[in-house]
Amino acid sequence: MIKKIVINGVHTEVSEDLKKYIYKKIGKLDKYLPLHARKSAHVEVKLKEKKIKAHTDCMAEVILHLPKEIITSKETTVNLYAAIDVTEEKIKNQIKKYKSKHGAGRIHQRVLARIKRRSAKLRT
C-alpha cells in the first residue's frame, strides 16, 4: 500500500466514500512498482468538477512521484469514480514501462550466473 496519498478537491468537496475509493484503487498500485521505488513513492490526486449548463465534467489527475521519474495521468468523464478507474489503468501501464526501464535486472544476472556455472562444469 502506498503510504502517502494526498487528495485535493478543486471546486468540489471530496466525500469520505470517494477518499476510501481512492485509497483502495490508487493505494494498491505499489504492487506493480519495483522494490527500490516502493519506499519513496507518493501520490497526489487532484479532483476537479466543472458544471457546464446541462452536464458536469469530472476530472481526475493522478501524479505518482518515483525516484527517477514522475508519472502523471489525467482523465475527464461524467463521474469521478469512472475517472479514477481510467487513470488507475493508465498509471498501471506507465508503471510497467517504468519498471522495464529502471528495473533491477535480476533475471539477467541469474542467466549470466547459470552460464558461468555451466562453462565451469564443462572445463572440469
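The numbers here are math on the coordinates, done by the rules we state, and not lab data. Treat the numbers as computed from the prediction; the structure is a model and nothing was measured. A quick note on method: Cβ atoms are made from the backbone with ideal geometry, for glycine too, and the neighbour counts reach across all protein chains shown.
Only four residue types carry charge here, +1 at the Cβ of Lys and Arg and -1 at the Cβ of Asp and Glu. Report the dipole size of the chain about the Cα centre in Debye, rounded to the nearest 20. Before the final figure, lay out each step's value.
Working: 31 positive and 13 negative charges, 316 e Å.
Using Cβ point charges on Lys, Arg, Asp and Glu, the chain gives about 1520 debye.
Could you pull out every one of the lysines with an alpha carbon less than 26 Å from that of residue 48, ignoring same-chain neighbours closer than 8 positions?
Result set, ordered by chain and number: 3, 4, 19, 20, 24, 25, 28, 74, 90, 92.
In whole angstrom, how far apart do the alpha carbon centroids of region 76-124 and region 34-54 sit?
22 Å
For mean projected area of the Cα convex hull in nm², pick the label among [x] 7.2; [y] 9.2; [z] 13.4 that corresponds to the value derived from the coordinates.
Among [x] 7.2; [y] 9.2; [z] 13.4, the one calculated here is [y].
Report the antiparallel proportion of the DSSP beta bridges in the chain as a percent, rounded to a multiple of 5. Intermediate results must be reported in sequence, preceding the final value.
Details: 19 of 26 bridges.
Restricted to the chain, the bridges split so that about 75 percent are antiparallel.
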